[in-house]
Amino acid sequence: MKVAEALREASTQLAATSDTARLDAEVLMAHALGVLRSEMLLRCMMDPVPAAFGGFVERRAEHEPVAYITGEQEFYGLNLAVAPGALIPRGDSETLIEASRKAFADRDPPESILDLGTGSGALLLAAMSVFPEATGLATDRSPAVESIVRRNIARHCEGRTVSFELADWHQLDWADALGSFDLVLCNPPYVKADAALDPDVSEYEPAEALFAGPEGLDDYRVLIPQMHRLLNLEGVAVFEIGASQAESVAQIAQTAGFAVEIRQDLANRPRCVILR
C-alpha cells in the first residue's frame with residue numbers, strides 16, 4: 001500500500017473518534033516516515049507505508065492524543081517534547097505569552113521569569129523566546145515531568161540560566177527558597193471536579209493537572225494570595241483561566257490586593273488574568 005491510499009483509509013477509520021481525522025493521519029504518517037508533514041505531502045505520497053504507521057493509527061483510534069504518540073507538540077513556534085504525565089500544551093495558552101509581551105511593551109523587559117506548574121515547560125520557554133535576556137525557573141510538583149522539562153530546556157535554552165525545581169504550592173513554605181520575579185506565569189488546574197471531558201483528555205492526561213475542586217477555583221484561592229511574596233515590586237503575574245471563570249478569579253485577586261486585567265484568546269473568550 002502507498003502512503004496516499006493509507007492516509008485515506010486511516011482518515012476513514014479515525015473519523016469515528018476524532019474531529020481532525022485527516023490531519024491526525026497525516027501527522028502520524030509523517031512521524032512514521034521521519035519527515036515533516038509538508039515534505040510528506042509534497043514528496044512521499046507514492047512511497048510504501050512504513051510498518052509503524054498502523055500501530056500509530058490504532059493508538060489514535062483508542063483516543064490516545066497525537067502528541068503523546070509522536071512525543072512532540074508545537075507551542076508558540078517551539079517544538080516541544082511531551083509525554084504522559086505532563087499536560088499537552090494548547091494554542092489557547094499562547095494568550096498568556098502575548099499578554100506578557102504587552103505587559104512589558106512600554107517598560108524594561110523582565111529579568112527573571114517563574115513558571116508555576118510548568119508541565120512540559122511550554123510557558124516558560126515561550127516567554128524566554130520573547131525575553132531572551134531573562135533567567136528562568138520552572139517548578140512543578142510532579143517528578144514525572146522533570147525529564148521532559150529538562151529535555152526542552154536543553155533543546156531551546158542551551159547556554160542560558162534556566163532551572164527546574166520540584167515545588168508543591170499546597171505545602172507549607174513551598175516558596176521560601178524560590179525568590180522573587182519580574183514575571184510569574186501559571187496555568188493551574190481549573191477544571192470543575194465533575195466536568196465531562198473528552199476521552200483524549202480524561203483517559204490520558206494527568207488528572208492532578210486538570211481538576212481543582214467543585215468550582216475549578218481551588219488552586220487560584222491557594223496561589224493568588226501568595227503572589228505578593230513571589231513578585232518584585234513592579235512584577236506581573238499572568239494566570240490562565242477557564243472561559244467562565246474571569247469574574248470569580250478577578251474577585252479572588254482583588255480581595256488579595258491586586259489590580260486585575262482580563263485578556264481574551266483568539267476566539268474572544270476570557271483566557272487569562274494579569275495581576276499587578
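Data table
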{"item": "Separation of alpha-carbon centers, segment 203-276 and segment 41-73, rounded to whole Å", "result": "36"}
{"item": "The chain: relative contact order in percent, alpha carbon pairs under 8 Å with at least 6 residues between", "result": "15"}
{"item": "Accessible area in square angstrom per residue, the chain, 1.4 angstrom probe", "result": "47"}
{"item": "With every protein chain in place, segment 4-128: carbon and sulfur % of accessible area (1.4 Å)", "result": "51"}
{"item": "Projected label distance in nm at GLU62 and ALA154, using a 7 Å step from Cα toward the beta-carbon", "result": "2.9"}
{"item": "Loop trypsin sites (Lys or Arg not before Pro), segment 1-46 (other Cβ atoms within 10 Å of the site Cβ: 10 or fewer; DSSP)", "result": "none"}
{"item": "Most mobile listed residue (ASP176, ASP200, ASP219) in the chain, GNM with C-alpha springs under 10 Å", "result": "ASP176"}
{"item": "Loop trypsin sites (Lys or Arg not before Pro), segment 71-148, which have at most 10 other Cβ atoms in a 10 Å radius of their Cβ (DSSP)", "result": "ARG107"}
{"item": "For the chain, diffusion coefficient by Stokes-Einstein and Kirkwood Rh (Cα), 4 °C, 1.567 mPa s, µm²/s", "result": "65"}
{"item": "Relative contact order of segment 120-260, defined on C-alpha pairs under 8 angstrom at six or more residues apart (%)", "result": "22"}
{"item": "Over segment 160-220, relative contact order from alpha-carbon pairs under 8 Å, at least 6 apart, %", "result": "34"}
{"item": "Calculated FRET value between ASP168 and LEU36, using beta carbons and R₀ = 51 Å, to 0.05", "result": "0.85"}
{"item": "Within the accessible area of segment 228-276 (1.4 Å probe), percent carbon and sulfur", "result": "48"}
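The values are calculated or read from the model by the stated rules, or taken from the named source; none is laboratory data. The shown structure was predicted, so the numbers you read here are calculated from the model rather than taken from an experiment. Methodologically, a virtual Cβ is constructed for each residue, glycine included, from the backbone with ideal geometry; neighbour enumeration extends over all protein chains shown. The accessibility values were calculated without ligands, DNA or RNA, using every heavy atom of the protein model including side chains. Shrake-Rupley method; radii C 1.70, N 1.55, O 1.52, S 1.80 Å.
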